[in-house]
Amino acid sequence: MERKKIKMKAVRSIIKKEKVSYLFLMPYALVFFAFNVLPVIIAMILSFSYYNVLESPQFIGWQNYINLFLHDEIFSLSVKNTLLFALITGPLGYFAALFFAWTISKLAPVLRAVMVVIFYAPTISGQVYLVWKVFFSGDQYGYLNGILMRLGFIYEPIQWLQNPSYMFGCVVVVALWTSLGAGFLSFVAGFQGIDNSLYEAGVIDGIKNRWQELWFITLPSMRPQMMFGAVMSITAAFSIYEVPAMLCGFPSTDYAVHTVVGHLVDYGTIRYDMGYASAIATVLFIAMILTNKVVQYLLKQLGK
């Protein structure tokens with residue numbers, strides 16, 4: 001109890017001392033709480049109710065979670081698809097962003113800026129799905145079908161975005177293409193913020209090539225950026241929805257690329273079962289938090 005009282009006094013003294021700084025932070029803190037923290041709390045509360053938007057929420061206890069884990073086969077399929085997407089696109093996208101940022105870090109400033117735009121453009125381009133839909137088009141005019149037919153590998157067009165056997169691979173390719181997002185930019189900034197004297201000291205200590213530089217100096221010096229990149233990569237991997245929906249339709253054939261977020265959107269915006277959708281959102285939120293904690297622990301071990 002005494003320790004708690006001492007800590008509370010210390011916190012109060014810090015707030016009193018830095019009250020002007022906290023005052024400046026107050027507008028952002030209020031907006032963050034209203035649009036980020038509060039919706040999460042409301043979703044957790046609604047997850048224990050039946051709420052169809054038109055009527056008042058009716059408390060039903062754990063029924064939504066029981067239905068979710070024991071009776072909803074589509075949810076089980078969406079969990080499997082989401083985990084597969086996360087295991088493939090998460091690590092690959094993360095290391096691709098780190099590798100590309102590292103390869104362009106030593107370029108001249110103007111050339112580096114051009115390369116950053118080239119790598120980052122697919123993430124912010126609204127027409128990227130249109131390009132890939134043409135590429136994977138199921139008729140003979142689709143680029144992939146046209147190339148394979150001309151080379152003699154196939155004799156009739158393949159329905160890449162309708163056939164469950166091919167849909168998953170197509171979505172993974174497009175997801176990786178658009179994976180160089182905010183994490184990539186943070187890596188680029190991190191590489192530029194490393195003190196060059198560390199590399200000079202490394203040469204004196206026996207570092208002989210860029211790979212040793214990367215492992216012994218660069219990565220340990222970039223732990224904050226790597227942590228941020230990991231959080232963004234995990235968030236993007238678990239919240240994948242737009243890519244499969246835009247490419248393969250919603251819902252996809254046989255739910256072959258149906259994801260947890262897609263299931264949430266289905267119940268929240270189409271069926272208007274907000275209680276059930278909130279239960280899905282809560283499960284996804286907890287899964288993302290736990291995964292982030294594990295990855296952050298692993299990254300903290302880097303350089304120790």
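The values are calculated or read from the model by the stated rules, or taken from the named source; none is laboratory data. What you are looking at is a predicted structure, and each value in this text was computed from that prediction instead of being measured. Please note: Cβ atoms are built from the backbone with ideal geometry, for glycine as well, and neighbour counts cover all protein chains shown. Accessible surface is based on the protein model in full, side chains and every heavy atom, while ligands, DNA and RNA are left aside. Shrake-Rupley method; radii C 1.70, N 1.55, O 1.52, S 1.80 Å.
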- Task: Assess whether Ile60 counts as being more than 19 Å from the chain's Cα centre (by Cα), modelled with pLDDT of 85 or more, open to solvent by 70 Å² or more (accessible area, probe 1.4 Å) and not hydroxyl-bearing (Ser, Thr, Tyr).
- Result: no
Restricted to the range 42-55 and to residues being surrounded by 11 or more Cβ atoms within 10 Å (Cβ to Cβ) and of a type outside the set (Gly, Ala, Ser), the residue nearest to Thr269 (Cα to Cα) is Asn52
Query raised in the report: Out of curiosity, is Ala201 free of Cβ contacts under 8 Å to residues at least 60 places away in the same chain, under 24 Å from the mean Cα position of the chain (by Cα) and farther than 16 Å from Phe99 by Cβ?
Result: no
Among the residues of the range 250-272, the number that are open to solvent by 70 Å² or more (accessible area, probe 1.4 Å) and touching a Pro at 6+ places or on another chain (Cβ under 7 Å) is 1
When every residue in the range 65-111 that is among the aromatic types (Phe, Trp, Tyr) and either part of a loop (DSSP other than H, G, I, E, B) or open to solvent by 80 Å² or more (accessible area, probe 1.4 Å) (or both) is compared, the one farthest from Ala43 (Cα to Cα) is Phe99
Taking the conditions exactly as written (more than 30 Å from Phe95 (Cβ to Cβ) and either among the polar types (S, T, N, Q) or part of a helix (DSSP H, G or I) (or both)), does Tyr276 satisfy them or not? yes
Going through the range 133-156 in order, the residues found to be open to solvent by less than 30 Å² (accessible area, probe 1.4 Å) and either touching a Cys at 6+ places or on another chain (Cβ under 8 Å) or not in a loop (DSSP other than H, G, I, E, B) (or both) are Phe136, Asn145, Gly146
> Is it fair to say Leu290 is surrounded by fewer than 17 Cβ atoms within 10 Å (Cβ to Cβ), outside any loop (DSSP other than H, G, I, E, B) and modelled with pLDDT under 90?
Replying inline: yes
The one condition Met1 fails out of (1) at pLDDT 80 or above; (2) of a type outside the set (Val, Ile, Thr); (3) out of contact with any Phe, Trp or Tyr (no Cβ under 8 Å at 6 or more places or on another chain) is (1)
